[in-house]
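Asker: To start, I am sharing the structure in question, which I have written as structure tokens.
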Amino acid sequence: METTEITETTQYLTFKLAGEIFAVDVAKVREILDFTPATKVPGTPKFMRGVVNVRGNVVPVVDMRLKFGLSETEKSVDTCIVVMEIEVEDDKTVLGALVDSVQEVFELEPHQIVPPPRLGTRWRTEFIKGIGKRNEELIIILDIDRVFSSFDLVSMQDTVGTSPQGAKVEALQAAAA
């Protein structure tokens, strides 16, 4: 397993999934949206809840709970969509990550982060950059680019109309404009 060593102080956005605290590099985050029902697109992976209109752009929304093998996210007053730009194999895409709640933005120093454990975690460790320690809390720092495989990325791009399979969504995109 290859891990990315964290060598500089970084700001992280934290969010909750199933009671656990996760973090992503704030540089990957474009914006945070209140929960918006997604338009379901047939033939997409189960973890993809559908697409939403973000200022005239069709953005795929991924249920992070389903992506990690948990139960589907239930809408609450805290449920929101974290819009991020990810990169897989030199290809960039924007997606919305449906999370239980967003917590805060803060900095972690490299000495506050340890490598992910090899065993004993219910999360796939290749997704994890490290485990942050802050005020007696453990924070799972995600390598968000690794959370999605190149297959996932192609599926999402197809959904937003970058291939013939995405033609149905092109009509949604035109209607959103």
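The values are calculated or read from the model by the stated rules, or taken from the named source; none is laboratory data. In this text the structure is predicted, and so the values were computed from the model without any measurement. Heads up, the Cβs are rebuilt from the backbone with ideal geometry, glycines too, and the neighbour counts pull from every protein chain shown.
Asker: All but one of (1) of a type in the set (A, V, I, L, M, F, W, C); (2) touching a residue at least 24 places away in the same chain (Cβ under 8 Å); (3) in a loop (DSSP other than H, G, I, E, B) hold for I81; which doesn't?
Answerer: It is condition (3) that I81 fails.
Asker: Specify which of the listed residues (L172, L138, L108, L153) is touching a strand residue (DSSP E or B) at 6+ places or on another chain (Cβ under 8 Å), among the aliphatic types (A, V, I, L, M), modelled with pLDDT of 80 or more and surrounded by 14 or more Cβ atoms within 10 Å (Cβ to Cβ).
Answerer: Just a single option satisfies the conditions, and that option is L108.
Asker: Can I ask one more? Among G69, G50, G43, G56, which is within 17 Å of T93 (Cα to Cα) and loosely packed, with under 14 Cβ neighbours inside 10 Å?
Answerer: G56
Asker: On to the next question. If L66 meets every condition in (1) assigned to a loop (DSSP other than H, G, I, E, B); (2) touching a residue at least 12 places away in the same chain (Cβ under 8 Å); (3) farther than 19 Å from E137 by Cβ apart from one, which number is that one?
Answerer: Every condition holds for L66 apart from (1).
Asker: Starting from the range 28-43, keep only residues that are in contact (Cβ under 8 Å) with a residue 40 or more places away in the chain and closer than 11 Å to V61 by Cα, then list their pairs with residues that are surrounded by fewer than 17 Cβ atoms within 10 Å (Cβ to Cβ) and of a type in the set (D, E) whose Cβ atoms are within a distance under 9 Å, requiring at least 6 positions of separation or different chains.
Answerer: Going by the 9 Å Cβ cut-off, the qualifying pairs are F35/D78.
Asker: Right, next: Got a sec? Which of T93, T7 is assigned to a loop (DSSP other than H, G, I, E, B) and closer than 21 Å to I128 by Cα?
Answerer: One residue alone meets the criteria, T7.
Asker: Ok, one more. Out of V41, V51, which single residue is outside any loop (DSSP other than H, G, I, E, B) and not polar (S, T, N, Q)?
Answerer: Going through V41, V51 in turn, just one is outside any loop (DSSP other than H, G, I, E, B) and not polar (S, T, N, Q): V51.
Asker: Hey, any hits in the range 7-20 for a residue that's acidic (D, E) and touching a Pro at 6+ places or on another chain (Cβ under 8 Å)?
Answerer: Among the residues of the range 7-20, at least one is acidic (D, E) and touching a Pro at 6+ places or on another chain (Cβ under 8 Å), which makes the answer yes.
Asker: Could you please let me know if T36 is in a loop (DSSP other than H, G, I, E, B), surrounded by 14 or more Cβ atoms within 10 Å (Cβ to Cβ) and not aliphatic (A, V, I, L, M)?
Answerer: So T36 passes the test.
Asker: Which numbered condition in (1) under 12 Å from the mean Cα position of the chain (by Cα); (2) among the hydrophobic types (A, V, I, L, M, F, W, C); (3) at pLDDT below 95; (4) crowded, with 18+ Cβ neighbours inside 10 Å is the only one that C80 fails?
Answerer: (3)
Asker: So, in the range 84-96, exactly how many residues are without any contact (Cβ under 8 Å) to a residue 40 or more places away in the chain and surrounded by 16 or more Cβ atoms within 10 Å (Cβ to Cβ)?
Answerer: 0
Asker: On the basis of being among the hydrophobic types (A, V, I, L, M, F, W, C), touching a Leu at 6+ places or on another chain (Cβ under 9 Å) and modelled with pLDDT of 90 or more, does V94 make the cut?
Answerer: Considered against the rule, which asks whether it is among the hydrophobic types (A, V, I, L, M, F, W, C), touching a Leu at 6+ places or on another chain (Cβ under 9 Å) and modelled with pLDDT of 90 or more, V94 comes out as no.
Asker: Condition check: out of contact with any strand residue (DSSP E or B) (no Cβ under 9 Å at 6 or more places or on another chain), on the phi > 0 side of the Ramachandran plot and not β-branched (V, I, T). Does E89 satisfy that?
Answerer: yes
Asker: Just wondering, is there one or more residues in the range 11-32 that are farther than 25 Å from G132 by Cα, buried (at least 21 other Cβ atoms within 10 Å of the Cβ) and of a type in the set (A, V, I, L, M)?
Answerer: Within the range 11-32 (the criterion being farther than 25 Å from G132 by Cα, buried (at least 21 other Cβ atoms within 10 Å of the Cβ) and of a type in the set (A, V, I, L, M)), the answer is no, since none of the residues qualifies.
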